[in-house]
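Worksheet: one structure, shown below.
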Amino acid sequence: MRQAVVLGSPGTKRTVYLEKGAQAAGIVFRLLDWKDFPFEQETSWENLFLKIDPPLWESCRLDELNALTRDYEGKLQWLADLGARHQIAFLNRPEAIRALLDKRGCKRTLAMAGIPVTEELEGMGRAEMLSEHAVVSEADTAVKYADGGLSGAERAEMPGSYGLSGAERAEMPDSCGLSGANRVEQLLDAMERHRVFQVFLKPVYGSGAAGAAAFRWQPHSGRVVLYTCGMVDSVTGRLVNTKRLRKFTDKNQVFSMVGRLLELDCVAERWYAKAEHDGFSYDLRAVVQDGRMDFLLARLSSGPITNLHLNNHPLSGEELGLPSYIMDEVEQLCIRAAECFPGLRSAGIDILLEKGSLRPRIIELNGQGDLIYQDIFDKNKIYRHQAEMMKEWMYKNQI
């Protein structure tokens, strides 16, 4: 018998409101709990429509992001292998979800397809970040990086101006760590070469603004400012994610935080001026499913990071009063972006509109970005559409 199955967590809003959508569609689905993974491979896996919701992560430690993601990637691979052996129809194929976990790879796939994106600062890829020659040209200084660290005086002698004096560079704290200091210097070098003095830093793997930061540097004055939800736990000394946006202006503190964030392996992107509405800057979150836009939400903020859980303000896309051609352009752009990833039927997409021109750029895609409170507490359109997808599959494949 054909059946719809959701792999998720009981009692979450994702599950509860998908159940409401299923009730409206006149169907039921079976819930598999992530806590029971791995599951026994039985014949009951045959002829399923399977939706994969993200597992719940309880840790707020940013240095655990990559390990948690690797574990999740392993589970997705297990599901992909299972799907290859059995007749499973996925809402989003595990391979597509996995591809979108990698912000750098996802963005480059979009760029290669000619889709406008928030551009990554060249020279800030993982391979370059790990190169012992990425910052300095003198072999002996490179050896000191590799062999155990530089003193404050040695750091002051590192080549390149970067808008910092030797004394200022010497003050960069040792808590930044060897690789942290190396990567800070490389970031400043890339910003100097590209004449881009404000960037967004985002861990390659992460969501919900975990580890995201907005960094501005004024080369001539040496002033710096950093906005981030990350902070150093006063007890453990570890970098943790919080639900509060903080502003740092002390140079030592900023460089220490930036260094520790970069150690996570971050994407560095140009910080674009965003469109404004009623005195707030904003970006957009769209949900595209089966080639159509089911929801569009503006996220208004007085700061550079717009995630709604940071007490920013939601507004329906229609209330922005944008010209119809801009709305059409955003919708078509989102549809094209989702089509770049085979097996992706549902995607949450973040879009930036450049200030003045309103030119749209894709910020990132999320293969499990379908939970929008402003929708579930209203028409529940997103999950009702998913329930209709399940119903259609069950109808077409009934015995």
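Of all the residues in the range 69-97, those that are closer than 28 Å to ALA212 by Cα and free of Cβ contacts under 8 Å to residues at least 60 places away in the same chain number 9. Looking only at residues of the range 70-96 that are touching a helix residue (DSSP H, G or I) at 6+ places or on another chain (Cβ under 6 Å) and either not in a helix (DSSP H, G or I) or not acidic (Asp, Glu) (or both), we find that the one that is farthest from LEU344 (Cα to Cα) is HIS86.
Please specify each residue of the range 247-274 satisfying the condition of being under 19 Å from the mean Cα position of the chain (by Cα) and among the basic types (Lys, Arg). Residues satisfying the conditions are ARG260, ARG270, LYS274.
Scanning the range 205-222 for residues that are within 24 Å of SER59 (Cβ to Cβ) and in contact with a helix residue (DSSP H, G or I) (Cβ under 8 Å, 6 or more places away or on another chain) gives TYR205, GLY206, GLY208, ALA209, ALA210, GLY211, ALA213.
Matching residues to (1) in a strand (DSSP E or B); (2) over 22 Å from GLU120 (Cα atoms); (3) free of Cβ contacts under 8 Å to residues at least 24 places away in the same chain; (4) touching a Lys or Arg at 6+ places or on another chain (Cβ under 9 Å):
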{"residue": "ASN241", "(1), (2), (3), (4)": "yes, yes, no, yes"}
{"residue": "ARG246", "(1), (2), (3), (4)": "yes, yes, yes, no"}
{"residue": "ASN252", "(1), (2), (3), (4)": "no, yes, no, no"}
{"residue": "ARG260", "(1), (2), (3), (4)": "no, no, no, no"}
{"residue": "VAL267", "(1), (2), (3), (4)": "yes, no, no, yes"}
{"residue": "TYR272", "(1), (2), (3), (4)": "no, no, no, yes"}
{"residue": "LEU284", "(1), (2), (3), (4)": "yes, no, no, yes"}
{"residue": "VAL287", "(1), (2), (3), (4)": "yes, yes, no, yes"}
{"residue": "MET293", "(1), (2), (3), (4)": "yes, yes, no, no"}
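Considering the conditions (1) in contact with a Cys (Cβ under 9 Å, 6 or more places away or on another chain); (2) in a loop (DSSP other than H, G, I, E, B), VAL235 is excluded by exactly one of them, (1). Every residue in the range 345-358 that is over 18 Å from ARG299 (Cβ atoms) and not in a strand (DSSP E or B), please. Matches in the range 345-358: ARG345, GLY356, SER357.
So that you can scan it fast, the table gives a plain yes or no per residue for (1) at pLDDT 95 or above; (2) within 15 Å of ALA298 (Cα to Cα); (3) surrounded by 14 or more Cβ atoms within 10 Å (Cβ to Cβ):
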| site | (1), (2), (3) |
| --- | --- |
| ASP328 | yes, no, no |
| PRO360 | yes, yes, yes |
| ASN366 | yes, no, yes |
| HIS385 | yes, no, yes |
| GLU388 | yes, no, yes |
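Can you find, within the range 223-254, the residue that is nearest to ASP63 (Cα to Cα) among those that are polar (S, T, N, Q) and in contact with a strand residue (DSSP E or B) (Cβ under 7 Å, 6 or more places away or on another chain)? This residue is ASN241.
Which of the residues spanning the range 346-375 are under 19 Å from the mean Cα position of the chain (by Cα) and among the basic types (Lys, Arg)? Matches in the range 346-375: ARG361 only.
Under the condition of being part of a helix (DSSP H, G or I) and in contact (Cβ under 8 Å) with a residue 12 or more places away in the chain, the residues counted in the range 43-67 number 5. Scanning the range 86-121 for residues that are within 20 Å of TYR72 (Cβ to Cβ), within 13 Å of the chain's Cα centre (by Cα) and not charged (D, E, K, R) returns ILE97, ALA99, LEU100, LEU101, GLY105, CYS106. Restricted to the range 275-293, and to residues there that are closer than 14 Å to ASP350 by Cα and of a type outside the set (Gly, Ala, Ser), the residue that is nearest to the chain's Cα centre (by Cα) is ARG285. In the set (1) touching a residue at least 60 places away in the same chain (Cβ under 8 Å); (2) at negative phi; (3) surrounded by 21 or more Cβ atoms within 10 Å (Cβ to Cβ), the condition left unmet by PHE215 is number (1).
Here is a yes/no grid of residues against (1) among the hydroxyl-bearing types (Ser, Thr, Tyr); (2) surrounded by fewer than 19 Cβ atoms within 10 Å (Cβ to Cβ); (3) assigned by TED's automatic domain parsing to the domain that holds MET191:
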| residue | (1), (2), (3) |
| --- | --- |
| LEU226 | no, no, yes |
| CYS229 | no, no, yes |
| LYS243 | no, yes, yes |
| GLN253 | no, yes, yes |
| ARG260 | no, no, yes |
| PHE280 | no, yes, no |
| ASP283 | no, no, no |
| PHE295 | no, no, no |
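Tell me, please, whether a residue that is among the charged types (D, E, K, R), part of a strand (DSSP E or B) and either free of Cβ contacts under 8 Å to residues at least 24 places away in the same chain or within 26 Å of GLN386 (Cβ to Cβ) (or both) can be found in the range 297-318.
Looking only at the range 297-318, we keep the residues that are among the charged types (D, E, K, R), and these are 299, 318.
Among the residues that remain, those that are also part of a strand (DSSP E or B) are: 299.
When the remaining residues are screened for being either free of Cβ contacts under 8 Å to residues at least 24 places away in the same chain or within 26 Å of GLN386 (Cβ to Cβ) (or both), the result is 299.
Checked against the condition, which is being among the charged types (D, E, K, R), part of a strand (DSSP E or B) and either free of Cβ contacts under 8 Å to residues at least 24 places away in the same chain or within 26 Å of GLN386 (Cβ to Cβ) (or both), the range 297-318 yields at least one hit.
In the set (1) of a type outside the set (D, E, K, R); (2) surrounded by 19 or more Cβ atoms within 10 Å (Cβ to Cβ); (3) within 19 Å of the chain's Cα centre (by Cα), the condition left unmet by SER59 is number (2). When ASP378, ASP370 are screened for being closer than 14 Å to ASP290 by Cα, part of a loop (DSSP other than H, G, I, E, B) and of a type outside the set (Lys, Arg), only ASP370 passes.
The values are calculated or read from the model by the stated rules, or taken from the named source; none is laboratory data. If you're wondering where the values come from, they're calculated on a predicted model, not measured in any experiment. Ideal geometry is used to build each Cβ from the backbone, glycine not excepted, and the neighbour counts take in all protein chains shown.
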